[in-house]
Amino acid sequence: GAVVSQHPSRVICKSGTSVKIECRSLDFQATTMFWYRQFPKKSLMLMATSNEGSKATYEQGVEKDKFLINHASLTLSTLTVTSAHPEDSSFYICSASLSALLAKNIQYFGAGTRLSVL
Amino acid sequence: KQEVTQIPAALSVPEGENLVLNCSFTDSAIYNLQWFRQDPGKGLTSLLLIQSSQREQTSGRLNASLDKSSGRSTLYIAASQPGDSATYLCAAVNTGTASKLTFGTGTRLQVTL
């Protein structure tokens, strides 16, 4: 099956710093990547959808200047949490797909990144 | 707006029992519905995907059913094992929403020896 690598798996940072999370599709070219956020004991909430080479589409209520998403290549998307604050602490998960699989609603998920902002 | 609910939120059963996890959705205009497994601090593993035209899907000890008219899906796990302990999430994709998954809140399952 397709592999999606997410890095880092865990990051602890000071309030006010920026954190970058990488999502890579290792054995396929991902035309579309999704970023989700998961609060403790809550479900996953879609933050944004990014298509390679174009601007990400953010869900309602997600600050695009706060959560910068770049999808510059078919194998890499990055999420940067800018000026992180304790309320940004959460579990962030990416998923990747390509057009043919997306039509069948098949997404491959990364292992997630646990962000803790002190 | 689609809302997905899972009951119960947590479940503990002894090894060997058969069990059913429930998923309800408010908007029946779904394209498909998936069941995922999530281990603590990990990503998601897709277990079963049911298209809107299907009523059930089976994979090994797992069987998922879909009843669009009542807005319900169930995940049946036969002969549960300690390795089945995880959080199970269902997610619906509505027609015309470009593969956006709406997740339920999950059922945390613990299978004891």
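Things to note:
- Cα-projected label distance for B:Gln110 with A:Lys64, points at 7 Å along beta-carbon direction, nm: 4.4 nm
- Distance between region A:37-94 and region B:1-52 - C-alpha centres, whole angstrom: 24 Å
- Structural descriptor for chain B: relative contact order 37 percent, calculated from alpha carbon pairs under 8 angstrom and at least 6 residues apart.
- Coupling constants for region B:6-14 follow from the phi torsions by the Karplus curve (6.51 cos²θ - 1.76 cosθ + 1.60, θ = phi - 60°), and in residue order they are 10, 9, x, 6, 8, 8, 10, 9, x Hz; glycine and proline get x.
- Residue (of B:Tyr76, A:Thr82, A:Ser54) at the positive-pole extreme of the protein assembly as shown, dipole from beta-carbon charges: A:Thr82
- Calculated on C-alpha atoms, the gyration radius of chain A divided by its Kirkwood radius gives an Rg/Rh of 0.95.
- Percentage relative contact order, chain A, counting C-alpha pairs under 8 Å, at least six apart: 37 percent
- Projecting label points 7 angstrom from Cα along Cα→Cβ for A:Arg114 and B:Thr26 puts them 3.2 nm apart.
- Fraction in percent of alpha-carbon pairs per bin - 5 Å, chain B: 2, 13, 24, 26, 19, 10, 5, 1, 0
- Straight-line cross-link partners of B:Lys100 among the aspartates and glutamates, defined as a Cα under 18 Å from its Cα and at least 8 positions apart when in the same chain: A:Glu52, A:Glu59, B:Glu3, B:Asp27.
- Fully extending the segment from A:Ile12 to A:Lys41, taken as 0.36 nm per residue of separation minus the present Cα-Cα distance, adds 8.4 nm.
- Mean-square fluctuations from a GNM of chain A, with a 10 angstrom spring cutoff on Cα atoms, peak among A:Leu101, A:Leu46, A:Leu76 at A:Leu101.
- The Cα-based radius of gyration of region A:46-88, divided by its Kirkwood radius, gives an Rg/Rh of 0.98.
- Cβ-derived FRET efficiency at R0 30 Å, B:Glu56 paired with B:Thr95, nearest 0.05: 0.90
- Convex hull volume per residue for the protein assembly as shown, taking Cα atoms only, in Å³: 120 Å³
- No disulfide-compatible partner, judged by a Cβ distance under 4.7 Å, exists for the following cysteines of the protein assembly as shown: A:Cys13.
- Close Lys-Lys pairs in chain A, where close means Cα under 20 Å and separation is 8 or more or interchain: 6
Bear in mind that the values in this text are calculations on the coordinates, not laboratory data. Just so it is clear, the structure is predicted and the values come from calculations on it, not from any experiment. When we count neighbours, we look across all protein chains shown, and the Cβ atoms used for this are built from the backbone with ideal geometry, even at glycine.
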